[in-house]
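Accompanying notes for the structure given below.
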Amino acid sequence: MISMRTKPIVTVLLMLASVGAAQTPVRPDVWQPFKYFVGSWEGTGNGQPGVSKTERDYRFVLKSQFLHIQNRSAYDPQPKNPKGEVHEDWGLMSFDKTRKKFVLRQFHVEGFVSEYVMSSSSADGKTIVFTTESIENIPAGFRARETYKILGTDQFVEVFELAEPGKDFELYSENHYRRKK
């Protein structure tokens, strides 16, 4: 119970708290451009290693500080790739507050570790490009670029390009994804 003596103090404290709350700026959600991807996806791919069936999951982890990406692409045996293969990679995306940029680190089953930085985004947010800053366990000078193109509510395309040292980017693979129902 509040006594008559403490009532004015409580009233002033409540007023100050409400003024402080009203002045707190609303921070934009830095993850908004990537919330579209959260969920499970499946699709097909085509490129240098051949034709593939692919699955991908996006989910926020560690108190939504990171976006975890888990990818699996299965390539059947074919003339371009007689043994076939299964490619897997995991990714962790973070927002670097100092640089004010998204950073994507991918860990590949082949032992490659690629560190990308978001290099551009279209005005409508439907095309997002990441370019590597470094790639571990590959000859020096290689670069990679990933471009995500949102086609609709439940569909996007990922274009993966590689550049050998001193050369321009070349298409390595293109994957078409649909959200799983």
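The values are calculated or read from the model by the stated rules, or taken from the named source; none is laboratory data. None of the values given here were measured: they were computed from a predicted structure. We place every Cβ from the backbone using ideal geometry, glycine too, and count neighbours over all the protein chains shown. SASA here: full protein model, heavy atoms, side chains in, ligands and nucleic acids out. Shrake-Rupley method; radii C 1.70, N 1.55, O 1.52, S 1.80 Å.
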(request) Could you list, in sequence order, all residues of the range 75-101 that are surrounded by 15 or more Cβ atoms within 10 Å (Cβ to Cβ) and aliphatic (A, V, I, L, M)? (result) Leu92, Met93
(request) State all residues of the range 48-63 that are closer than 16 Å to Tyr148 by Cβ and in contact (Cβ under 8 Å) with a residue 40 or more places away in the chain; if no residue qualifies, say none. (result) Thr54, Arg56
(request) Go through the range 64-74 and give me each residue that's outside any strand (DSSP E or B) and open to solvent by 80 Å² or more (accessible area, probe 1.4 Å). (result) Gln65
(request) Pick out the one residue from Leu104, Leu171 that is outside any loop (DSSP other than H, G, I, E, B), within 24 Å of Ser73 (Cα to Cα) and open to solvent by 20 Å² or more (accessible area, probe 1.4 Å). (result) Leu171
(request) Considering only residues that are open to solvent by less than 60 Å² (accessible area, probe 1.4 Å) and β-branched (Val, Ile, Thr), look in the range 41-63 and name the one that is nearest to Leu104 (Cα to Cα). (result) Val61
(message) Just to be sure I understand, how many residues within the range 123-144 are of a type outside the set (A, V, I, L, M) and part of a loop (DSSP other than H, G, I, E, B)?
(response) 7
(request) Name the one entry in Ser64, Ser134 that is among the small types (Gly, Ala, Ser) and touching a Ser or Thr at 6+ places or on another chain (Cβ under 8 Å). (result) Ser134
(message) Is it the case, given these coordinates, that Val117 is touching an Asp or Glu at 6+ places or on another chain (Cβ under 7 Å), of a type in the set (Val, Ile, Thr) and closer than 24 Å to Lys80 by Cα?
(response) no
(message) Within the range 2-59, take every residue that is among the aliphatic types (A, V, I, L, M) and closer than 20 Å to Lys126 by Cα and give me the one that is modelled with the lowest pLDDT.
(response) Val30
(request) Among the residues of the range 31-63, count how many are assigned to a strand (DSSP E or B), among the hydroxyl-bearing types (Ser, Thr, Tyr) and within 15 Å of the chain's Cα centre (by Cα). (result) 2
